[in-house]
Every structure is written in structure tokens, then in C-alpha cells.
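Only one structure is covered here, and it is reproduced in the block below.
The values are calculated or read from the model by the stated rules, or taken from the named source; none is laboratory data. All values reported here derive from a predicted model rather than from experimental measurement. Cβ: placed from backbone, ideal geometry, glycine included. Neighbour counts: every protein chain shown. The area values use the complete protein model at the heavy-atom level, side chains included, leaving out ligands, DNA and RNA. Shrake-Rupley method; radii C 1.70, N 1.55, O 1.52, S 1.80 Å.
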Amino acid sequence: MVCEIKENYRTGVFLSTVSSDTVNSAIWGHGGRESQYSFKRELFQLLNNCVTHCYRQVVQENRSFWERLMWFLILVLATTALIVVLITAWNSFTASPLVTTLHDTLYPIRNVPFPGISLCNNNRISRAAAIRYAEDLSRKDPEHRNTTFFLNNVRLLGRLYQYEYDDVFQMAQFQDFLDLHDVNNVTGVHSMYDTLEKLSPRCEQMLLRCFWKSIELPCMTKTDMFEVRRTQYGFCCTFNFIGHNEDNDIHPSSYYLDMTGPDMGLVILLNGSTNDYFYNIYNNIGFSLQIFDPSETPDVSAGGVNERFVHLGSETFIRVDAITIHSEPDVQRYSRATRRCVLRNELLRYGRPYARSNCVAACRIRSVIALCECVPFFMPLGNSAKDKSVTICNLQHIACLNKYKLKWSTIITEISKIPGLEKEMEESLYCPDCLPACSGSKYQITSTALPLIKSRRTGFSITHGIDDVSDVSVVRIFFGQPETWLYKQDVASYWFEIFSNFGGMCGIMAGLSLISISENVYFIVRQFVLVLLTKSNQLRRQERRGQLVRPILP
């Protein structure tokens, strides 16, 4: 840059003339002469030198207009097709990001927990217990009514299992009597929970002998195999239930089997006690048996429960086949709505670990409290147990419970518009949180029953010492095979697989690669730099031209 300074004494001004040969010959070139920035020239230069094939044919001067137009249309068509394919592939990845595959067909059964077992007597109220309770109420009655009168009223308490009623006025009168004369000495109010508990058949009388792996063990002791738990059928005898509710705060370890066969599982000798029947809801003498995931509460409406009836005078063989599902840790980064299941370490307010049946129970309890202002005695209260104002449903709530019992037995996790089923969807219990667990075991059962014949062997027999086998039942629950199937839920495609698929489509349809993409990025960055330098030079020239004429002080 050369600056020439001249003084003009005739005009009395100081002139400064600035001339520039080039701003930046390294950037502009052209033999040291400044040229204007041109995006078209830069784009043509990129296309002429681009390593991606077929792009230079669009701008080469030795090709005719029609030939260049043809290549341009080909590139536009290929780019459009590439965009459509990429969008379709991405929608496919996002719509089904997870996949469940068969991982192992020889997964050892010793790694699968033995299922939980729940045995409930079809007789909900013991006759002996009902007579004792009626006699107690007769002694407390100011009118001194006899035991038969109260025994007929005690039968009404069985309606709390089915939510059915005939004479609402009679139920209300009997409930008023209980609230006045059969109160707890500590709380001063009648407890329907305590009443139905003492009226239920005892597990100690139902379970005569229990065997595990062909070894006889005590059925009901402090370190018991069976324990009394509340289920939807009332107070039942449960085995291998490791879930948590307020009936038992202890989390016992689960039972496992490493052998198969009818003699190597759980064998139970049951006492029917037909002479003790007082309130039979099924009109069938025997037992109701549920098989379920040991971490779940047995709830038929929540799913995952296999149910069978055990008849008296029979030997029932129940073969169990398990399927185990395991979710990989990478699944956790997807939302529950996407994977449509809940991990065991999520939603711990419904149990530790998460159990779908506990979630359904909590959802049902919220609905029952909102609609009928009470909680049925057999429902696990959970967090509601801390609320002292929660009322256990009694005979005065039967009408309300009957009105909504169908709603509470139908569970939905999402609202779908299905033509013709709009009313059913509205009358169902909506529990959006209660999705199935991502990991766990599913049990399938096959049952066979044979008539029970009195053993004439002199050696060991499970019915040894029993003369009348028509009033007992034998149940054998066992694994059918030493191996099972293991399924794994995993992401359908990892990031490097998606990157590889997208890269392959870009390479085939548009000839793109990391090198060509780097060229395009360099081109874009270079255009920004050139535009900024052009504006900077223009401002600099304007400032220098403003300094051409300056006044000279005398």
C-alpha cells in the first residue's frame, strides 16, 4: 500500500490520497488485482473440483446445455429419492426402536423362580366360626335374640366378596347393630376386616401335609412354607409370594427348583372340610388355585394369573412351563410409552421392585375411594393404610360396590376409539401407569386330574392314615422340563448400525461420503469468511476516502 501526501497552499487544505493494489492477494488472487466476491464462481469451483461423482457434469463448459440439464434433473431426482428413503427409514427406527428376540432355548430352569401359589377355599365363611360369632352377638344383643337369628344375618357378610345384595334394609339394620354392639375395644368402632378374618376358613385346617422336593415340611410354622395373604378371593394360603403388602413386611427369598417331575415340586394334601361349608360363592366344593409371578399379587384382572379349580377326591397334576423375559440396560433410555413396559427399578411407589398387580390395586383403590368412600377388606391398602380416615367397606356400601364392580374388573392402560365399544371404554378403569414389567417370568400351566384312590401300599403314601379320600385332594405342582426359553428385549438398532444404514443409502443414491460432506462444510464456512472479509474491506475503504481532505490550521 502506497500513501502519497501532498500539500496545497493555494486552497489551504491538506490532501491525503490512498490507493490500494490488492486487499489480500492470497485470498482473491487474479494477479494482484482486486475482484468482487461471487457466490456463483465459488459454487462452480466447488462442483468442478468435488470428489463426488456426477456433480461436475452440471457445470462443465464443454458439455451442451441439454446434457447439463439432464445431469441436473438426475441429481434432483436422486436427492429427492434419498430424502424420502431417509425419512421413511427414520420413521421406522423411531416407531419400533425395541425388539424382543429369542436369546436362549436351553435356559436352565434352576435360574427361574418357582411360581407363586395361592390356595383359596371355595367356602368363604367357616360354619364353626360363624356359629361362634352368632353366639357372641346373641350375648351382646339387648333384645336377647337367639343364635339362629344372628346366624342368618352373618351369612349376609359373605356378600362383601361378591358385591351382591337382596334386602338392603336388612343389611343396613344388621350393620347398625354391629356398629353399636360389636366394636373394637381399642378403637371403639366395628372392624369389618377383623370380623371377616376370623370367619374365614383357617389354613391350618386346610393344609394337612406339604412336600417340597419330596421332603415333607411343616405347612404352617414360624418359618412356614405357606402364609395367609389377602387376595381378591379373601384370606388365602399362599406359597412363594415374595411381594410386599401390609400383611407381611418380610421379603422372603424365592423358591427355586433344579429338578423336574411330579414328585420333585410342591405336593400338597388338602382337607375339604365339607361339613364346615357355610357360604360357597361358586356352588362348587373344592379349592381355587392361582399360579402367578412370585413378585406379583395374584389379581386376575391385572393379568398373568393362571387359575384352576381343585375338586375333592381327586389328584391334580399341574405342569408349569416358564418363559423368561430380560430387558437390556440400553432399553431404559426410551420412555415407558415407547417400550410399553416398566422396568423393575421404576415407579417404586407401587412396590420394590415394581409389580403391575400392585399398580392396578392402587389404581382400583383410588377409584373405589372416590366413588364409594371406602376400601374393600381384601384390597392391600399400601399408602392408604397410613390414612386413618379410610373406611373398610361394610354392608351399607354394598349397593355402591355392586354398581361399579364391572368397572373395577376391566383395566385399560390407554383410551382407544374402537367403533362399537365406546361405552365399554368409558366404563373401564383407566390406569395409564400400570404397564407390564419389562423383565420377569411368564408361566403357562397344563393340568390333569385323576380320581384319588385310597392307597393300599404298606410303604410311604401321601394319604397315609386317611380312610375317606373323598373329602381330601392332592395337588402336585412341578416344572415340566429342565430347560426353558429366554427372551431378551433390546434396542432394534444401535447408533453405529443406524449410522451405517444411513451412510449406505447416502452413498448408493447420492454418492455422499464423509470426505464429500467435509468438502461441502468447508465450502459453506469459506463463503461466510469471504462475505465477512468483503464487508470489512468495504468499510475500510470508506474510512480512508473520508480522510482525503482535511483543513490546515493557520
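Brief remarks follow.
- Qualifying residue in the stretch 158-172 (condition: over 45 Å from the mean Cα position of the chain (by Cα) and open to solvent by less than 80 Å² (accessible area, probe 1.4 Å)): no
- Screening Tyr107 against (1) among the hydroxyl-bearing types (Ser, Thr, Tyr); (2) open to solvent by 70 Å² or more (accessible area, probe 1.4 Å); (3) in a strand (DSSP E or B) leaves a single unmet condition, (2).
- Some residue of the stretch 456-476 being farther than 21 Å from Gly313 by Cα and not in a loop (DSSP other than H, G, I, E, B): no
- Of all residues making up the stretch 238-255, the number that are surrounded by 13 or more Cβ atoms within 10 Å (Cβ to Cβ) and modelled with pLDDT of 65 or more: 8
- Scope the stretch 110-121; condition open to solvent by less than 50 Å² (accessible area, probe 1.4 Å) and either closer than 18 Å to Ser295 by Cβ or out of contact with any strand residue (DSSP E or B) (no Cβ under 9 Å at 6 or more places or on another chain) (or both); matching residues: Val112, Pro113, Phe114, Pro115, Gly116, Ile117, Ser118
- Test result for Leu106, closer than 25 Å to Thr324 by Cβ and touching a Ser or Thr at 6+ places or on another chain (Cβ under 9 Å): yes
- Only listed residue being small (Gly, Ala, Ser), under 30 Å from Val474 (Cβ atoms) and buried (at least 16 other Cβ atoms within 10 Å of the Cβ), chosen from Ala134, Ala130: Ala130
- Any hit, the stretch 499-512, residues being exposed (fewer than 15 other Cβ atoms within 10 Å of the Cβ) and either modelled with pLDDT under 75 or over 30 Å from Asp330 (Cβ atoms) (or both): no
- Answer residue from the stretch 403-414, given it is touching a residue at least 40 places away in the same chain (Cβ under 8 Å) and surrounded by fewer than 16 Cβ atoms within 10 Å (Cβ to Cβ) and is nearest to Val368 (Cα to Cα) among those: Lys405
- Some residue of the stretch 474-488 being among the hydrophobic types (A, V, I, L, M, F, W, C), surrounded by fewer than 17 Cβ atoms within 10 Å (Cβ to Cβ) and at pLDDT 85 or above: yes
- For the stretch 274-322, taking the residues that are acidic (Asp, Glu), farther than 22 Å from Asn123 by Cβ and within 20 Å of the chain's Cα centre (by Cα), the one that is modelled with the highest pLDDT is identified as Asp293.
Residues checked against (1) open to solvent by 70 Å² or more (accessible area, probe 1.4 Å); (2) more than 30 Å from Ile215 (Cβ to Cβ):
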position: Asn394; (1), (2): no, yes
position: Pro419; (1), (2): yes, yes
position: Met425; (1), (2): no, yes
position: Leu429; (1), (2): no, yes
position: Pro436; (1), (2): no, yes
position: Ile445; (1), (2): no, no
position: Thr448; (1), (2): yes, no
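- Filtered residues of the stretch 172-209 (kept if in a loop (DSSP other than H, G, I, E, B) and in contact (Cβ under 8 Å) with a residue 12 or more places away in the chain): Asp182, His190, Ser191, Ser200, Pro201, Arg202
- Residue list for the stretch 508-523, restricted to those being closer than 17 Å to Leu77 by Cβ and among the small types (Gly, Ala, Ser): Ala510, Gly511
- Annotation note: Cβ proximity below 7 Å between a residue of the stretch 367-381 that is hydroxyl-bearing (Ser, Thr, Tyr) and a residue that is buried (at least 19 other Cβ atoms within 10 Å of the Cβ) and modelled with pLDDT under 90 (sequence gap 6+ or interchain) occurs for Ser367/Trp408; Ser367/Leu429.
- Selection over the stretch 370-426 of residues that are under 22 Å from Cys359 (Cβ atoms), at pLDDT 85 or above and in a helix (DSSP H, G or I) gives a count of 9.
- One residue from Arg344, Arg352, Arg333 being surrounded by fewer than 14 Cβ atoms within 10 Å (Cβ to Cβ) and farther than 27 Å from Lys407 by Cα: Arg333
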